[in-house]
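Chemist: Sharing a structure here in structure tokens format.
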Amino acid sequence: MASKRTTPPQFDPDGYSKTPLNDLVVYSIYSLHRQGSAIQAEDIISACFLLFPRRFSLRKYPQWPDSSIVSRRWSECKSKGYLRGNALEGFQLTARGVRRAEKIEKSLGKVKIKPVPSSKTKLPLQPVLTVHPELKARAKKYIHSIESSDAYRHYKRKAQVNEYDFRSLLLCTMESPPATLARNMEQFKDYVRIHDRMDLLTFLESSEEKFAHLLKTAAKK
């Protein structure tokens, strides 16, 4: 049985648009830090875009993250003592960075999303999930990204999907670690579920099974 994932916190774009970029980067790294996973450059770029898409997207292509903004900011965060490490070996928050992130979190104002009821619970016909408009719009951007990917195009034509196609689908590079691939895959599946795109969910699950060795997940009978 697949483990349950918590939905990333959602923040008011009008609120975080006034927050300094350095603070948003520190908080994004803090969100990864609390998950207990290794923090690579790709993880930070992905987290910044998932949490604060309005501030970390490309101007011309808002459905894609702008890695240059993030990389400039983590250098400044290091100089301020919030962060240590580098893009090759990974990053780690300092104690000062954790304290700073906790202050930032209080100022952001989290918007909570109602959980989906258990499938065993019989309820009247009504929406079982209240999705914040910002999350729904973000999910739509990622659905467009999936549909325009080479991996999905090859899949629809029943052509071969290679490792590069698979990694590009998940917005990762050939150097991205298994943890990043697995996390992005789960996040993409959450997004397609929001819009009830079962066709894309089938595609993602098929890709996940084919490239399970890259995700370090054993296929279950």
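Chemist: Quick one: in segment 135-159, of everything that is open to solvent by 40 Å² or more (accessible area, probe 1.4 Å), among the charged types (D, E, K, R) and closer than 30 Å to LEU58 by Cβ, which residue is modelled with the lowest pLDDT?
Modeler: Residue satisfying both the conditions and the ranking: LYS136.
Chemist: Within segment 4-45, how many residues turn out to be at pLDDT below 85, open to solvent by 20 Å² or more (accessible area, probe 1.4 Å) and within 21 Å of ALA139 (Cα to Cα)?
Modeler: 11
Chemist: Next up: Name the pairs whose Cβ atoms lie under 9 Å apart, with the first residue in segment 21-32 and more than 13 Å from LEU108 (Cβ to Cβ) and of a type in the set (S, T, N, Q), the second part of a helix (DSSP H, G or I) and open to solvent by less than 10 Å² (accessible area, probe 1.4 Å), and 6 or more positions between them or separate chains?
Modeler: ASN22/CYS77
Chemist: Look through GLU163, GLU147 and report the one residue that is under 18 Å from the mean Cα position of the chain (by Cα) and of a type outside the set (A, V, I, L, M, F, W, C).
Modeler: After ruling out the rest, the residue left standing is GLU147.
Chemist: So for segment 50-71 (the condition being more than 24 Å from ILE194 (Cα to Cα), more than 13 Å from the chain's Cα centre (by Cα) and crowded, with 20+ Cβ neighbours inside 10 Å), does at least one residue qualify?
Modeler: yes
Chemist: Under 7 Å between Cβ atoms, at least 6 apart or on separate chains: pull out the pairs that start in segment 65-77 with a residue that is closer than 12 Å to CYS48 by Cα and end on any residue that is open to solvent by less than 50 Å² (accessible area, probe 1.4 Å) and β-branched (Val, Ile, Thr).
Modeler: So the pair list comes out as PRO65/ILE45; SER67/ILE45; VAL70/VAL25; VAL70/ILE44; VAL70/ILE45; ARG73/VAL25; TRP74/VAL25; TRP74/ILE44.
Chemist: Okay, next question. So which of GLU205, GLU209 is touching a residue at least 12 places away in the same chain (Cβ under 8 Å), open to solvent by 60 Å² or more (accessible area, probe 1.4 Å), part of a helix (DSSP H, G or I) and over 12 Å from ILE146 (Cβ atoms)?
Modeler: One residue alone meets the criteria, GLU205.
Chemist: Ok, one more. May I ask you to list pairs of residues, at least six apart or on different chains, whose Cβ atoms are under 6 Å apart, with the first in segment 150-163 being closer than 20 Å to MET174 by Cβ and in contact (Cβ under 8 Å) with a residue 60 or more places away in the chain and the second being aliphatic (A, V, I, L, M) and surrounded by 12 or more Cβ atoms within 10 Å (Cβ to Cβ)?
Modeler: From segment 150-163, no pairs qualify.
Chemist: Applying the selection to segment 170-194, what residues are part of a loop (DSSP other than H, G, I, E, B) and either of a type in the set (A, V, I, L, M) or modelled with pLDDT under 85 (or both)?
Modeler: LEU170, LEU171, MET174
Chemist: In addition: Regarding SER107, is this residue modelled with pLDDT of 80 or more, surrounded by fewer than 13 Cβ atoms within 10 Å (Cβ to Cβ), closer than 24 Å to VAL26 by Cα and among the polar types (S, T, N, Q)?
Modeler: When the stated conditions are applied, SER107 passes them.
The values are calculated or read from the model by the stated rules, or taken from the named source; none is laboratory data. Nothing here was measured: the structure is a model prediction, and the numbers come from that model. Don't worry about glycine lacking a Cβ; one is built from the backbone with ideal geometry, like all the others, and counts go over all protein chains shown. With ligands, DNA and RNA removed, areas are computed over all heavy atoms of the protein, side chains included. Shrake-Rupley method; radii C 1.70, N 1.55, O 1.52, S 1.80 Å.
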